[in-house]
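Each remark here refers to the structure printed beneath this line.
Coordinate-derived values only; no laboratory data. Keep in mind that this is a model prediction, so the values were computed, not measured. Heads up, the Cβs are rebuilt from the backbone with ideal geometry, glycines too, and the neighbour counts pull from every protein chain shown.
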Amino acid sequence: MKLTYINNAGILVDWGAARMMIDAIQFYNSRFSDPLPEEIWDDMLEGSGDLRNVEYLAATHVHPDHISPSGVVEYMQHNRVKGLILPQASWNDISERAGDEGVEMPEKFILTDEGGETELEGGAVLRWFRTPHIGNNFRFVSNYCLCIEHAGSSVLLTGDAEPERDYFEESGIESCTLCLTNPMFFTDITGRQTLRELSPRLIIYHQPEPAGENVALFRHTERELQRCANRFDQLEIFRVPFETIEI
């Protein structure tokens with residue numbers, strides 16, 4: 001599998017026979033997120049690269065820095081999409097907007113709170129499980145960790161998961177080839193230990209720019225990255241759009 005960083009929390013997973021774009025279509029600008037750059041969005045709609053005609057679009061949760069329902073509908077107007085992998089609320093919103101625009105909805109995969117798994121095109125398997133969103137202010141929001149397995153390799157994306165060990169132990173996922181997580185999960189001691197038990201390889205993404213209130217988090221993440229480097233076989237940060245890694 002090849003993973004390509006898009007921006008913010010956006011990731012493209014390519015297993016040869018099909019691709020999945022996760023948390024990529026969003027235009028939200030806030031302390032913890034940067035909107036999708038206009039040139040990347042234009043490439044999604046009119047270009048000829050890997051971001052066109054992606055078979056599966058997915059979102060780990062409903063927050064606007066992870067999914068724009070109107071953006072998903074516009075993407076479907078310009079591309080062939082085979083399936084949407086979403087929380088129920090996002091599916092409902094997109095389905096209503098698509099109906100208003102006369103856009104046909106693709107196959108439905110609803111991320112349910114009890115977790116589950118489904119087969120995807122080309123022999124891939126998607127498994128998911130729910131955690132609360134990180135932070136006391138957002139614990140009421142369901143976050144879905146996504147694990148994609150193909151040809152003996154697997155990648156786990158934690159989204160904005162709360163770093164509580166129990167949710168991961170109860171998921172039934174005992175190990176994976178690579179984990180992707182955000183800086184707040186990584187800098188939490190319990191979260192970092194949980195991921196180390198799952199995989200010796202860790203990529204940090206969704207790293208905010210080192211400005212204003214984010215400077216402290218940015219510096220803390222960088223210090224922990226250096227301090228913990230010898231505890232993982234691979235420990236890196238996705239910093240620039242279109243960085244890739246193969247597993």
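Mind jotting down the distance between the C-alpha centroids of the range 231-247 and the range 100-134, whole Å? Distance between centres, Cα-based: 25 Å. With N the number of residues in the chain, Rg(Cα) / (2.2 N^0.38 Å) evaluates to 0.95. What do you get for the angle between helix 88-101 and the principal long axis of the chain? Use alpha-carbon atoms, 0 to 90 degrees, nearest ten. Roughly 30 degrees, rounded to the nearest 10.
By the scheme Lys and Arg +1, Asp and Glu -1, what is the net charge of all other residues having a beta-carbon under 15 Å from that of Leu198? Summing Lys and Arg as +1 and Asp and Glu as -1 gives -3.
Look at Glu224, Glu149 and count the other Cβ atoms within 10 Å of each Cβ; fewest to most, that gives Glu224, Glu149. Across all directions, the average flat footprint of the convex hull enclosing the Cα atoms of the range 1-96 is 5.8 nm².
In plain terms, the residue of Thr177, Thr4 with the fewest other Cβ atoms within 10 Å comes first and the most crowded comes last, giving Thr177, Thr4.
If you add up the charges near Arg80, with Lys and Arg at +1 and Asp and Glu at -1, over every other residue whose beta carbon is less than 15 angstrom from its beta carbon, what do you get? Kindly include the intermediate steps, with their values, before the conclusion.
Details: positive: Arg19, Arg52, Lys82; negative: Glu46, Asp50, Glu55, Glu74, Glu104, Glu107, Glu121.
Computed value for this residue: -4.
Taking the Cα atoms only, what angle lies between the long axis of helix 189-198 and the longest principal axis of the chain, rounded to 10 degrees? For helix 189-198, the angle is close to 70 degrees. FRET efficiency for Thr190 and Lys108, Cβ-Cβ distance as r, R0 = 30 Å, nearest 0.05? The value I calculate is 0.30.
For the range 57-106, which GluC sites (Glu not before Pro) are in a loop by DSSP, counting at most 15 other Cβ atoms within 10 Å? Walk me through the numbers before you get to the answer.
Details: sites: Glu74, Glu96, Glu101, Glu104; in loops: Glu104.
Here the sparse-neighbourhood loop sites are Glu104.
As an equivalent ellipsoid, the range 107-221 spans semi-axes of 25, 16, 14 angstrom, where each value is the square root of five times an eigenvalue of the C-alpha gyration tensor, largest first.
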